[in-house]
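S.K.: What follows is a structure written as structure tokens; I'll ask about it next.
The values are calculated or read from the model by the stated rules, or taken from the named source; none is laboratory data. Just so you know, these numbers come straight off a predicted model, no measurement behind them. Every residue, glycine among them, receives a Cβ derived from its backbone with ideal geometry; neighbour counts consider all protein chains shown.
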């Protein structure tokens, strides 16, 4: 499935778009667009793809994407279960999605001194942010209110949401920055095919000749082309995906670290440990220990 360019249909007089979608099974198309996106996905357990990040989520997902980050959501069974999704639940779940442009309130609105904190968040959104904790709860509530409000009340709520993201530290960056800036139509089609091929094959050995053939250019031209558009080499990009996938498997705590090494696409444990530490700053074992500590601490508080 190739990502498609999705132009949010802004109304003729609306500064930004808000919509609420109801569904039984989470399954969005892989897409990207030039607008900022706030999305709250009310779904018990799913998978999110954003740039070179892949992860699962529980009890809903709240993200803020900058322009041109390819992204999608899909159903994912909870660890240890094999529940098949049902399309006959009466539209039990929903998503609230907000799209806005950098100049939605005027060309220089976000550049005024009072907007410095929000402007910093807009810059961070080039990575994609997933918001957690109490901030996620508050923002999810405000996003549901956005659906029912009109006029200045809607504008105030959006600024309030952006200010909440700016004032919290309870978020994670999702991806490398610099995706697909200023692409023409031919670039968009080519990058879509490249991205699709990598997502489908990142746990295997990706041959440069083969992926260059998919893009209809020579291997040396492919290397230059890919780095110019993603700010990463192919090897760095693939390793990012593998480490993100390994983190997810470590958090699920179903496999040994050696099993995770090969499941994520690495061919030996020493290389896996080295790449993981370069990316996360700690070893896979330390990461698993830290996650277990957070989990037990949270349960104890509850």
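S.K.: Take the range 173-194 and flag every residue that is closer than 30 Å to residue 259 by Cβ and either modelled with pLDDT under 80 or not in a helix (DSSP H, G or I) (or both).
M.R.: Within the range 173-194, 173, 174, 175, 176 qualify.
S.K.: Which of the strands (runs of 3 or more DSSP E) found entirely inside the range 20-129 contain at least 3 residues meeting this: closer than 16 Å to residue 174 by Cα and touching a strand residue (DSSP E or B) at 6+ places or on another chain (Cβ under 9 Å)?
M.R.: The strands (runs of 3 or more DSSP E) meeting that bar are 36-42, 45-50, 53-58, 61-65, 71-75.
S.K.: Continuing with this model, one more query. Kindly establish whether residue 241 is in contact (Cβ under 8 Å) with a residue 40 or more places away in the chain, surrounded by 17 or more Cβ atoms within 10 Å (Cβ to Cβ) and within 25 Å of the chain's Cα centre (by Cα).
M.R.: Yes; evaluated as a whole, the condition is true for this residue.
S.K.: If I ask for residues that are closer than 27 Å to residue 196 by Cβ and out of contact with any helix residue (DSSP H, G or I) (no Cβ under 7 Å at 6 or more places or on another chain), which ones from the range 260-277 would you list?
M.R.: 262, 267, 271
S.K.: Which residue, of 135, 176, 218, is touching a helix residue (DSSP H, G or I) at 6+ places or on another chain (Cβ under 7 Å) and free of Cβ contacts under 8 Å to residues at least 12 places away in the same chain?
M.R.: Criteria check complete, one pass: 218.
S.K.: Can you report the number of residues in the range 37-52 which are under 18 Å from residue 122 (Cα atoms) and in contact with a helix residue (DSSP H, G or I) (Cβ under 7 Å, 6 or more places away or on another chain)?
M.R.: Matching residues across the range 37-52 total 2.
S.K.: If you check 202, 279, which single one turns out to be surrounded by 13 or more Cβ atoms within 10 Å (Cβ to Cβ), within 18 Å of residue 52 (Cα to Cα) and modelled with pLDDT under 90?
M.R.: On inspection, the qualifying residue turns out to be 279.
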